Amino acid sequence: MIDIKCQTKHGITLDELTPFQGDLKKRTDKDVALLAKSIADEGLLMPFAVWKHEGVNSLLDGHGRYAALKKMSIEDGSILEQALPVIYIEAESEEQAKKSLLQITSSYGRITRSGAVNFCKSLPEYHAPAINRFVYKRNAVKKFDKPRTEQQIRISVPLDKAEAVLELFKTVSYIRVL
């Protein structure tokens, strides 16, 4: 059993969910393992978002949690029987459901280094992928510690002028065309 730290009116088992997003997001085995550890340590903090249509419960949000719980269920079969919190998203078509998924999973904003550091001051031992690169890698070697000797520039030219521009660049000794 996992500790559920959110409440909704509805519950659903893992086997009743059907993944919907395909390869939209890439998750490594390490990503899934880290999320499984987080769920084991902190509990399930967010419900699944589901589009119910024609008897199918298409998972719009929660694919990472779904994968982590499936992995955890290998060790603890009771997870498969547990009612998990779900919210239902209304959509009249698959196209509308896809738009809903994109709105749910899109990032309208970004975490900044100073914001993450200030927010996490009281959490010195807590690590989460979204903030690790800002907060916990302070002593890591920066990508541009060495002096830069080249600058890459990408340009766009009309297709009918591309060959002429390429030839022009080849005449300048310090320009390298990739």
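Bear in mind these aren't lab numbers, they're just calculated from the coordinates by the rules spelled out. As the structure is a computational prediction, the values presented were derived from the model and not from experiment. Reconstructed Cβ throughout: ideal geometry from the backbone, glycine too, with neighbour counts over all protein chains shown.
Under the definition of Cα pairs under 8 Å and six or more residues apart, what whole-number percent is the relative contact order of the chain? Relative CO of the chain lands at 22 percent. Computed about the Cα centre, the dipole magnitude for the chain is approximately 1340 debye when only Lys and Arg (+1) and Asp and Glu (-1) carry charge, each at its Cβ. Using a simple spin-label model with pseudo-atoms 7 Å out from Cα toward Cβ, Met46 and Gln152 lie 3.1 nm apart. Each Lys or Arg adds one and each Asp or Glu takes one away; over the other residues whose Cβ falls under 11 Å from the Cβ of Met72, this sums to +2.
For Cα extents along the principal axes in Å, several values are listed as [x] 39, 34, 31; [y] 42, 40, 27; [z] 70, 45, 29; flag the one computed from this structure. It is the one labelled [z]. With both labels modelled 7 Å from their Cα along Cα-to-Cβ, the Glu16 to Thr105 distance reads 2.3 nm.
Order by neighbour count: Tyr66, Tyr174, fewest other Cβ atoms within 10 Å first, most last.
Numbers: Tyr66 19, Tyr174 5.
By the 10 Å Cβ count, ascending, the order reads Tyr174, Tyr66.
Stretched out straight at 0.36 nm per residue, the stretch from Gln96 to Asp31 would grow longer than its current Cα-Cα span by 20.5 nm.
Using 0.36 nm times the number of residues separating Ala83 and Leu159, minus their current alpha carbon distance, what extension gain do you get? If you can, show how the numbers build up before the last one.
Values: separation 76, 0.36 × 76 = 27.36 nm, distance 5.78 nm.
Length gained, Ala83 through Leu159: 21.6 nm.
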